[in-house]
């Protein structure tokens with residue numbers, strides 16, 4: 001499919017609280033390095049290339065960028081790259097970040113932050129991004145422990161004006177219920193894509209019922225996670241791609257967007273060609289036959 005004039009606006013819009021964004025955004029995880037992300041000793045990406053990708057993304061209508069202070073490699077920080085490339089920030093640009101996890105300077109993961117450490121993580125993101133407040137902060141979870149104390153700490157920062165809106169990442173339906181009893185939740189960011197865990201379909205629908213954005217990550221990479229897409233594509237995905245003159249990655253993004261008007265996509269890349277192709281997927285309209293084939297693959301792969 002041609003991508004010369006397609007912008008992120010082709011995906012339509014959704015609201016994160018009072019912030020309207022195009023449903024096709026950009027994940028910043030891959031900006032600081034090439035190859036596998038979030039691993040010690042990752043190879044830094046060319047700085048000029050990363051900055052060019054961010055500026056080109058905004059030119060292509062991307063107004064929702066997902067980042068985190070723990071997105072870094074030797075010499076490169078996603079937040080610093082975003083600040084350098086885009087500040088002063090254009091009107092309407094929404095930057096979503098995450099707190100909870102932490103990494104030491106060598107890149108090794110540390111114990112997740114408790115309620116008392118979350119303010120420091122929020123302030124770290126503020127400094128790196130050069131912002132007076134954060135548009136959206138997602139509490140990133142590992143495990144099934146209750147989150148009321150941690151989410152409550154973020155709700156206090158929202159009341160203090162440091163955070164505009166709150167979301168959740170890598171959570172269960174129980175976590176969502178726990179959080180919404182404390183403060184409004186504008187988005188849930190979970191791993192999801194063709195063949196993803198079946199429990200995520202129910203959570204996706206629940207978010208739609210509540211008017212909460214569902215924001216898949218690893219929609220292209222799948223089981224490859226931060227290492228990127230691995231292995232051969234199923235013949236069903238390849239067949240749909242051939243019918244549309246599209247790539248398998250574009251088909252996966254389009255399928256994600258077809259799951260509901262409240263579903264956003266944040267494919268991550270630091271490659272300018274991949275960026276253009278990902279944004280072009282905003283205009284890929286899958287047919288009923290395409291969706292039947294891909295939905296069947298999704299259910300069979302669960």
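The values are calculated or read from the model by the stated rules, or taken from the named source; none is laboratory data. What you see is a predicted model, and the numbers here were worked out from it, not measured in a lab. So basically every Cβ, Gly included, is an ideal-geometry build from the backbone, and we count neighbours across all protein chains shown.
Annotations for the structure displayed:
- Scanning the range 17-38 for residues that are outside any strand (DSSP E or B) and farther than 17 Å from residue 80 by Cβ yields a total of 6.
- Residues in the range 106-132 that are closer than 20 Å to residue 179 by Cβ and not in a helix (DSSP H, G or I) were compared, and the one that is modelled with the lowest pLDDT is 112.
- Residue count for the range 211-228, restricted to those that are at pLDDT 50 or above and surrounded by 13 or more Cβ atoms within 10 Å (Cβ to Cβ): 10.
- With respect to the conditions (1) more than 17 Å from the chain's Cα centre (by Cα); (2) surrounded by fewer than 21 Cβ atoms within 10 Å (Cβ to Cβ); (3) touching a residue at least 60 places away in the same chain (Cβ under 8 Å); (4) over 23 Å from residue 257 (Cβ atoms), residue 36 lacks only one, and its number is (1).
- Residue ID - farthest from residue 217 (Cα to Cα), chosen from residues in the range 69-80 that are under 17 Å from the mean Cα position of the chain (by Cα) and in a helix (DSSP H, G or I): 79
- Qualifying position, being over 30 Å from residue 211 (Cβ atoms) and touching a helix residue (DSSP H, G or I) at 6+ places or on another chain (Cβ under 7 Å), among 236, 232: 236
- Residues in the range 1-28 that are surrounded by fewer than 22 Cβ atoms within 10 Å (Cβ to Cβ) and either modelled with pLDDT under 95 or farther than 18 Å from residue 137 by Cβ (or both): 1, 2, 3, 4, 5, 6, 7, 9, 10, 12, 13, 20.
- Taken over the range 39-68, the residue count meeting the criterion of being touching a strand residue (DSSP E or B) at 6+ places or on another chain (Cβ under 7 Å) and either part of a loop (DSSP other than H, G, I, E, B) or within 22 Å of residue 215 (Cα to Cα) (or both) is 11.
- Residue within the range 84-104 that is surrounded by fewer than 14 Cβ atoms within 10 Å (Cβ to Cβ), free of Cβ contacts under 8 Å to residues at least 40 places away in the same chain and in a strand (DSSP E or B) present: no
- The set of residues in the range 275-288 that are in contact with a helix residue (DSSP H, G or I) (Cβ under 9 Å, 6 or more places away or on another chain) and either without any contact (Cβ under 8 Å) to a residue 24 or more places away in the chain or not in a helix (DSSP H, G or I) (or both) comprises 284, 285, 286, 287.
- In the range 132-185, of all residues being farther than 30 Å from residue 91 by Cβ and within 16 Å of the chain's Cα centre (by Cα), the one that is surrounded by the fewest Cβ atoms within 10 Å (Cβ to Cβ) corresponds to 170.
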